[in-house]
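Below: one structure, written as structure tokens.
The values are calculated or read from the model by the stated rules, or taken from the named source; none is laboratory data. What you are looking at is a predicted structure, and each value in this text was computed from that prediction instead of being measured. Using ideal geometry, Cβ is built from the backbone for each residue, glycine included, and neighbour counts are taken over all protein chains shown. Keep in mind that these areas ignore ligands, DNA and RNA; they rest on the heavy atoms of the full protein, side chains included. Shrake-Rupley method; radii C 1.70, N 1.55, O 1.52, S 1.80 Å.
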Amino acid sequence: MANDIEKVEVLAPKQVISIYSNNLTKNYVDGQYAFTLERTIADRLQTIPGVSLNGQGGQFQSYAIRGFSRARIRTEIDGIPIITDRRAGNASSFLSPDLFNLASVSKGPNSALYGSQALGGVVSLTTGVDKGTHIKLSGQSADNGVNVTLKHNKGKISSAISYQHANLSTAANGAALNSQYERASGLLRYENTHNQLTTIVSWLPSYGQNIGKSNIKYPNQEISIYPEEIHSLAQIQVMSANGWMSKFFHHYQNWDSETDRINQYVSLTEYQSQTLGGQWLNTIDIANFDIHLGLDWLSRKGVRISSAYDIYDTKSELNENQLNNQMHGDEDNLALFSHTKWQTDNTQFAIGLRYDWISQQGAQQSTTDNNLNASFSVNTALTSNLDVSFAIANGFRYPTLSERFFKGPTPRGDIIGNQQLKSETSLGAQTTFNWYGSNQLSVHSAVYHYKLDNYIERYRTQDDTLTYRNLASASIRGFEAEVRFNSGEYLQHHVTYQQQQGEDDLNQPLADLHPKKLAWITQLNYQEMTIVNSLSYQFDATNVNESEVQRDDFWLWDLSIAYQLSQNHSLSLALNNVTNTLYFGSLDEDAAYQPKRNVRLSTNWRF
């Protein structure tokens, strides 16, 4: 993990502040778990306890952390916040999973460090290239998907390019899944150290086309596709050996979505936005105190959503005022933050404080708000093999531009924003226990409870239009457990369990909560071979939100086998959904089935 921590420090400096968090508060994706579908990074993240899939599926499959999803969790790539204004969540699928070499999840309120959209946690993704030249080729059966990735790292320059292509896939019952896509994404990074200053300049471009929007209504009721999707992430970062760093970043995105409502209309929505920002962070060591002081600037300019349509039925009640709409918006956010850690005997304390000022501008309205967030945590070693931690923090989420100002058709339906929405706020507490019985056995558990005010809910009106409202209050509570043990010299076991509940002030269930789940992963390492077997059971879900559907319970079996043919050449085989189970990836009412049994063959060369 030491090398991983170093990579995090370089590209996402805030991760340094929370890098020593306990298990089940902060988790890393296990690089050996190659049994997932590997469609996007979301498939890897959902192997972490407390993380589940939500949304409709396919390339835009999003994820939830302890029941928080969409704009309530923050996703960063190399420390750059990803804000895409997609209602289902800020998917990072525009980059190939092969470009990421580290993925971590910080659970619980993180607004005292990251501000708005970190109400429920942070997903931090880091790209990178190991020394040398690497080539990876893979192909799979479910959608005839292919993936070719070339990476090179020599001296001060790292580069990578990945090409992905997939056709329509099918579910276990033969139903077609609108999951085809074609994408090329890459990485170019320059790093240099001179006079105790390290400078990093990086660029992450991506171009995708003909990207299917997975939906249970496909193909009889609705066909949605993204004809084109463009992303460009660039940044420059300067770090001093004296403990300070500064960075500036830019994210440009431009994508179109086309929705064919069968026998109703065809709509084309165009989206553009520019995200600019900067960060300054300074580290000060005074006696036993580790102090971090920082300044954040985030600005979103030229956020534009426009839609046009063609009606099939000229007698339809749909009219130009309902469908031909545009949204123009801007947002500015300035923040000051501090984080202090100190140690006394066997106990570590941490205090965080952050003040945010946010302004939004829509067509004919502007709003401003400010929030002060704080966090406190204590971690103590009760015995030589048992430690306990407690954390409490508040958080907030400013309504998104689309929640306030958008009006028009989407693949979900016709949406009208609510300019009167208030900011969500929360107060959350969690307690974790870590017991290390021996070198062969460890047990980790966590209980948490979050109280939310002004919870923003999307609902369907009587005329079948979607819009938003604030609920007076809501609460989420849950439990996670993780057991790791070895049986013999070669076999490792990883058993996890998670459950949670959440209701609004009328005792109605919240959306995006994850059902109870039990998972058992075994990993066999023998000589040049690694076999990973994953068996998970998801309990049935009967108490669901009005925007969701009750789901039956199911078992899922995945398997991967990797063999090191030589020092520089490896081969791997993954079998997803071995028993060909018919299941949904989430409770979302529009979620499509997940793919049928899939076989993926991959080979890696290193020169």
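Of everything in the range 31-47 that is open to solvent by 10 Å² or more (accessible area, probe 1.4 Å) and touching a Phe, Trp or Tyr at 6+ places or on another chain (Cβ under 8 Å), the residue that is farthest from L559 (Cα to Cα) is Q46. Which one of the conditions (1) farther than 30 Å from V549 by Cα; (2) surrounded by fewer than 21 Cβ atoms within 10 Å (Cβ to Cβ); (3) hydrophobic (A, V, I, L, M, F, W, C); (4) more than 20 Å from the chain's Cα centre (by Cα) does A160 fail to meet, given that it meets all the rest? Going through (1) farther than 30 Å from V549 by Cα; (2) surrounded by fewer than 21 Cβ atoms within 10 Å (Cβ to Cβ); (3) hydrophobic (A, V, I, L, M, F, W, C); (4) more than 20 Å from the chain's Cα centre (by Cα) one by one, A160 breaks only (2). Output the residue which, of all residues in the range 89-100 that are touching a residue at least 40 places away in the same chain (Cβ under 8 Å) and touching a strand residue (DSSP E or B) at 6+ places or on another chain (Cβ under 6 Å), is farthest from N604 (Cα to Cα). The extreme case among them is A91. Applying the criterion of being open to solvent by less than 70 Å² (accessible area, probe 1.4 Å) and not in a strand (DSSP E or B) to the residues of the range 195-215, the residue that is nearest to L233 (Cα to Cα) is K213.
Scanning the range 76-105 for residues that are within 23 Å of F396 (Cα to Cα), open to solvent by 10 Å² or more (accessible area, probe 1.4 Å) and at pLDDT below 90 turns up D85, R86, R87, A88, N90. In the range 379-399, the qualifying residues are those that are under 27 Å from the mean Cα position of the chain (by Cα) and among the hydrophobic types (A, V, I, L, M, F, W, C), and the one that is nearest to D453 (Cα to Cα) is F396.
Within the range 563-579, restricting attention to residues that are farther than 21 Å from G132 by Cα and in contact (Cβ under 8 Å) with a residue 24 or more places away in the chain, which residue is surrounded by the most Cβ atoms within 10 Å (Cβ to Cβ)? Looking at residues that are farther than 21 Å from G132 by Cα and in contact (Cβ under 8 Å) with a residue 24 or more places away in the chain, I get N576. The C-beta contact set for the range 225-245 (first residue over 30 Å from L168 (Cβ atoms) and open to solvent by less than 40 Å² (accessible area, probe 1.4 Å), second residue among the β-branched types (V, I, T) and outside any strand (DSSP E or B), distance under 9 angstrom, 6+ apart or interchain) comprises Q237/V10; M239/V10.
The residues in the range 49-72 that are part of a helix (DSSP H, G or I) and within 10 Å of the chain's Cα centre (by Cα) can be counted, and the count is 1. Restricted to the range 436-480, and to residues there that are open to solvent by less than 60 Å² (accessible area, probe 1.4 Å) and among the β-branched types (V, I, T), the residue that is farthest from R72 (Cα to Cα) is V443.
Taking the listed residues T259, T283, the one that is of a type in the set (V, I, T), open to solvent by less than 30 Å² (accessible area, probe 1.4 Å) and touching a strand residue (DSSP E or B) at 6+ places or on another chain (Cβ under 7 Å) is T259, with no other qualifying.
Condition check ((1) assigned to a strand (DSSP E or B); (2) hydrophobic (A, V, I, L, M, F, W, C); (3) in contact with a helix residue (DSSP H, G or I) (Cβ under 6 Å, 6 or more places away or on another chain)) across all residues:
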| position | (1), (2), (3) |
| --- | --- |
| N394 | yes, no, no |
| G408 | yes, no, no |
| Y459 | yes, no, no |
| D463 | no, no, no |
| Y468 | yes, no, yes |
| S475 | yes, no, no |
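The set of residues from the range 497-539 being among the hydroxyl-bearing types (S, T, Y) and either surrounded by 15 or more Cβ atoms within 10 Å (Cβ to Cβ) or without any contact (Cβ under 8 Å) to a residue 12 or more places away in the chain (or both) comprises Y497, T522, T530, S534, S536. For the range 396-406, taking the residues that are of a type in the set (A, V, I, L, M, F, W, C) and either open to solvent by 10 Å² or more (accessible area, probe 1.4 Å) or in a helix (DSSP H, G or I) (or both), the one that is nearest to G352 (Cα to Cα) is identified as L401. Inside the range 216-270, can you point out the residues that are outside any strand (DSSP E or B), farther than 30 Å from I284 by Cβ and modelled with pLDDT under 90? Residues satisfying the conditions are I262, N263, Q264. Of the residues contained in the range 426-433, none is found to be under 27 Å from K213 (Cβ atoms) and surrounded by fewer than 20 Cβ atoms within 10 Å (Cβ to Cβ). So which residues in the range 294-350 are among the β-branched types (V, I, T), at pLDDT 90 or above and within 26 Å of the chain's Cα centre (by Cα)? The answer is V303, and nothing else.
Filtered by the rule that a residue be part of a strand (DSSP E or B), aliphatic (A, V, I, L, M), out of contact with any Pro (no Cβ under 7 Å at 6 or more places or on another chain) and over 30 Å from K407 (Cα atoms), the range 271-313 gives I284, I286, I291, L293, L295.
Among the residues of the range 229-287, those identified as over 25 Å from the mean Cα position of the chain (by Cα), of a type in the set (A, V, I, L, M, F, W, C) and closer than 18 Å to Q196 by Cβ are V238, M239, A241, W244, M245, I284. Evaluated against (1) buried (at least 20 other Cβ atoms within 10 Å of the Cβ); (2) farther than 30 Å from S299 by Cα; (3) touching a Phe, Trp or Tyr at 6+ places or on another chain (Cβ under 6 Å), G417 falls short on exactly one condition, (2). Within the range 173-194, the set of residues being surrounded by fewer than 16 Cβ atoms within 10 Å (Cβ to Cβ) and farther than 25 Å from W244 by Cα comprises N173, G174, A175, A176, E182.
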